[in-house]
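Reading through the structure tokens given below for one structure.
The values are calculated or read from the model by the stated rules, or taken from the named source; none is laboratory data. All figures in this text were calculated on a predicted structure; none of them were measured in a lab. Glycine gets a Cβ as well: all are built from the backbone with ideal geometry, and neighbour counts include every protein chain shown. Surface areas here come from the heavy atoms of the whole protein model, side chains and all, with no ligands, DNA or RNA. Shrake-Rupley method; radii C 1.70, N 1.55, O 1.52, S 1.80 Å.
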Amino acid sequence: MTARAPRHVARKRFGQHFLVDEALVERIVGAIDPRPGQALVEIGPGLGALTRPLLARAGTLTVIEIDRDLAARWRGTAGLDVIEADVLDVDFAALADAARRRLRVVGNLPYNISTPILFHLLGAAAHVADQHVMLQREVVARMAAAPGGKDYGRLSVMLQWRYAIEPLVDVPPEAFSPPPRVDSAVVRMVPLPVPALADGVLLGEIVACAFSQRRKLLRHTLGRWLAARGHTRPFDLQRRAEEVPVDEYVALARALGAAGQAA
Ligand code: SAM
């Protein structure tokens, strides 16, 4: 970024809350531990709180920024490859192919589209070594939740079947300018080396149905859905969706997928 860049007024529509707590930045970058030779990709560099230390440690970095003014500030910076785009349009598999290695994805994500970003990255998980993202703390709690609690739901199952998920650091609103209205947290997500499913499409349908009425027993929701498909695999439907562990949903999706192929 040039020294004479004009003052930037944060744009709400792009979810701009810039990290200003240097000790925290140090902690986050320390947890990421970027190294030269790695294919690092940062979503939303903004004013560079993470960009600068990532670049200093790794030497090269690709950034994806939707805000044309912010993207322009970074163009021409040594070692930095700037993609001015909506991250939801970026082909991460192609980025990994070009880098000839799996990506390390980093981002203090715009909270208004954090879930779509997570699902977009899920589609490219085979091309990702790991991802460290800042999200609303409440979203991180749902991502990492174990069965049985109020946080366990569709997001937990749809991410845990594919990633090991580890909440790392809680971040208060004062760490940002302007401060968001919610608490935040950084989470590490590492794609599982051997995913139990080829893709999450069928699992997504099962889980959406199961959690559509989470207070009801599954026989009223998933049971009907399975019966409509003539599926007879034993599955305890006398439970609520939130009581079923991820691997049972995955096993059901596998069985349904295998039956579909055989039909
Ligand atoms: N990384 C900076 C930091 O930590 O201070 C900025 C984080 S700010 C929460 C989110 C950043 O993502 C902003 O720079 C914003 O312009 C960018 N952004 C928002 N929506 C985006 C999108 N759809 N695609 C790419 N970047 C986006």
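Only beta bridges with both residues in the chain are counted; by DSSP, about 45 percent of them are antiparallel.
The trypsin sites (Lys or Arg not before Pro) of the stretch 14-84 that DSSP puts in a loop, and whose beta carbon has at most 16 other beta carbons within 10 Å, are R75. Spin-label model, A126 to R219: label points 7 Å out along the Cα-to-beta-carbon direction sit 4.0 nm apart. The alpha-carbon positions of the stretch 60-108 define a convex hull whose volume is 82 Å³ per residue. For L109, the residues whose amide H sits under 5 Å from its own are M134, ignoring neighbours fewer than 5 places away on the same chain, with H placed 1.01 Å from N. To the nearest ten degrees, helix 246-262 and the longest principal axis of the Cα atoms of the chain are 70 degrees apart. Phi-derived couplings, Karplus 6.51 cos²θ - 1.76 cosθ + 1.60 at θ = phi - 60°, listed residue by residue for the stretch 88-96: 6, 9, 7, 8, 5, 5, 5, 4, 5 Hz, with x used for Gly and Pro.
Coupling constants for the stretch 216-229 follow from the phi torsions by the Karplus curve (6.51 cos²θ - 1.76 cosθ + 1.60, θ = phi - 60°), and in residue order they are 8, 5, 4, 5, 7, 10, 4, x, 5, 4, 5, 4, 4, 9 Hz; glycine and proline get x. If you find the alpha carbon centre of the stretch 75-119 and of the stretch 138-169, how far apart are they in angstrom? Taking the Cα centre of each part, the stretch 75-119 and the stretch 138-169 sit 23 Å apart. Each semi-axis of the equivalent ellipsoid for the stretch 12-191 is √(5λ) with λ an eigenvalue of the Cα gyration tensor; in descending order they amount to 24, 19, 15 Å. Shape of the stretch 158-216 from the C-alpha gyration tensor: oblate (a/c of 1.5 or more and a/b not above b/c, with a ≥ b ≥ c the square roots of its eigenvalues). Taking square-rooted eigenvalues a ≥ b ≥ c of the alpha carbon gyration tensor, is the stretch 101-217 rounded, prolate or oblate, where a/c under 1.5 means rounded and, failing that, a/b exceeding b/c means prolate? It comes out oblate by the Cα gyration axes.
For the stretch 108-162, the equivalent ellipsoid built from the Cα gyration tensor has semi-axes of 18, 14, 9 Å, listed from largest to smallest. Annotation: for a label point projected 7 angstrom from Cα along Cα→Cβ of D236, residues of the stretch 142-180 with backbone N closer than 20 Å are 146-154, 157. Protein-only accessible surface at a 1.4 angstrom probe places the residues K216, K12 in the order K12, K216, largest first.
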